[in-house]
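In what follows, a structure is listed as C-alpha cells, so that the remarks can point back to it.
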Amino acid sequence: YSLAPVGGMGVASVNGLAHCSRVVQFIGAELPANLKRGSPLGGASVLQSCWDQVRNLASVEAGGATLAGAFSVPVVKTGNLAARTTGDGEAEFLARMQLIARGMSLLNLILLTQGEEYTRQSVSLSGWDTLDAQARSALAAATGLPHTVLFGDAPGGLSTDDASGDRLLKEAVAAYQDQSLRAQLRRIYTLIFAQKDGPTQGVIPPRWRLVFDPLDELTEAEVATVRKSVADM
C-alpha cells in the first residue's frame with residue numbers, strides 16, 4: 001500500500017510504502033467495482049452513502065419552512081389597477097402601497113380609501129406532508145435505521161413497541177460486526193498479543209475468541225434465570 005495524507009488527515013511523515021500485512025482497513029460503505037477502483041480508500045464513508053437522501057430531506061424541510069413563513073399572503077384590491085400603475089399615476093400608486101405597508105409595520109393599522117380592499121390569502125400546504133414522509137422513508141432506507149431510532153417517532157400501524165424494527169436493527173448491527181469488524185479486530189489483537197512488551201509478552205494465546213457486547217439487555221426475570229442456571233452447574 002502507498003500511504004499518503006488524504007483530505008488534510010495525517011502528517012507528511014506517514015508517506016511511503018507499507019506491506020499489506022501492516023494495514024488493517026475498516027470500510028464504512030462498500031462501493032461498486034467501477035467506483036472502488038477510483039477510490040483512494042477502497043470504500044466510502046457511511047455518511048456518504050446516505051448523503052443524497054440527507055440533502056433531499058433538508059431541501060424538503062427548508063421548503064416547508066419557507067411555506068410556513070408565507071402561510072398567508074396579503075392581497076390589496078384596488079380599482080383601475082392598469083391605469084394607476086402606468087404613466088403619471090405610477091408614483092402615486094407606489095407611494096400609496098408604501099403607506100399601507102408602513103402603517104401595518106408601525107401601528108398594525110391599515111388605512112384604505114374608496115375602492116380598496118385588503119385581505120389575506122392562505123397558501124395551500126396540501127401534499128407537503130406526503131413529500132416529507134417520502135423523504136424520511138428514503139433516508140431511513142438509505143441508513144438502514146428504523147424510523148423510531150432515526151427520527152424518534154412513536155411506533156405506528158399495528159405495532160405498539162416496534163419489536164420488528166428493533167429486531168431488524170440488531171440483526172443489521174450483528175451482521176456489520178461479523179462482516180466488517182471481526183476479521184480486522186482479530187488482526188489487531190493478534191498483533192497486540194505478538195508484541196514483546198504487550199500484555200502477553202509476545203506469546204499469542206493458543207485459544208482466544210472475540211466476543212461483542214450483547215445487543216439485547218436481559219430483563220430481571222432473564223437475569224434471575226441465568227443466575228439460577230449458573231448456580232446449578
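The values are calculated or read from the model by the stated rules, or taken from the named source; none is laboratory data. Keep in mind the model is a prediction, meaning the values are calculated, not measured. All Cβ positions, even for glycine, are placed from backbone atoms using ideal geometry, and neighbour counts span all protein chains on display. Surface accessibility is based on the protein's heavy atoms, side chains included, excluding ligands, DNA and RNA. Shrake-Rupley method; radii C 1.70, N 1.55, O 1.52, S 1.80 Å.
Please go through segment 1-52 and give me each residue that is among the hydroxyl-bearing types (Ser, Thr, Tyr) and at pLDDT below 70, ordered by number.
Ser13
Here are the criteria: (1) within 30 Å of Gly165 (Cβ to Cβ); (2) assigned to a helix (DSSP H, G or I). Tell me which single one Leu215 does not satisfy.
For Leu215, the exception is condition (2).
Among the residues of segment 57-80, what is the count of those that are open to solvent by 80 Å² or more (accessible area, probe 1.4 Å) and either of a type in the set (Lys, Arg) or modelled with pLDDT of 75 or more (or both)?
Total satisfying the criteria: 3.
What number goes with the only condition from (1) open to solvent by 80 Å² or more (accessible area, probe 1.4 Å); (2) in a helix (DSSP H, G or I); (3) within 30 Å of Arg186 (Cα to Cα); (4) not β-branched (Val, Ile, Thr) that Glu90 does not pass?
Unmet for Glu90, out of (1) open to solvent by 80 Å² or more (accessible area, probe 1.4 Å); (2) in a helix (DSSP H, G or I); (3) within 30 Å of Arg186 (Cα to Cα); (4) not β-branched (Val, Ile, Thr): (3).
Can you pull out the residues in segment 96-121 that are open to solvent by less than 80 Å² (accessible area, probe 1.4 Å) and either of a type in the set (Gly, Ala, Ser) or within 30 Å of Val54 (Cβ to Cβ) (or both)?
Within segment 96-121, Ala101, Gly103, Gly115 qualify.
Listed residues Arg187, Arg167, Arg136; which is without any contact (Cβ under 8 Å) to a residue 24 or more places away in the chain and either more than 21 Å from the chain's Cα centre (by Cα) or surrounded by 11 or more Cβ atoms within 10 Å (Cβ to Cβ) (or both)?
Just a single option satisfies the conditions, and that option is Arg167.
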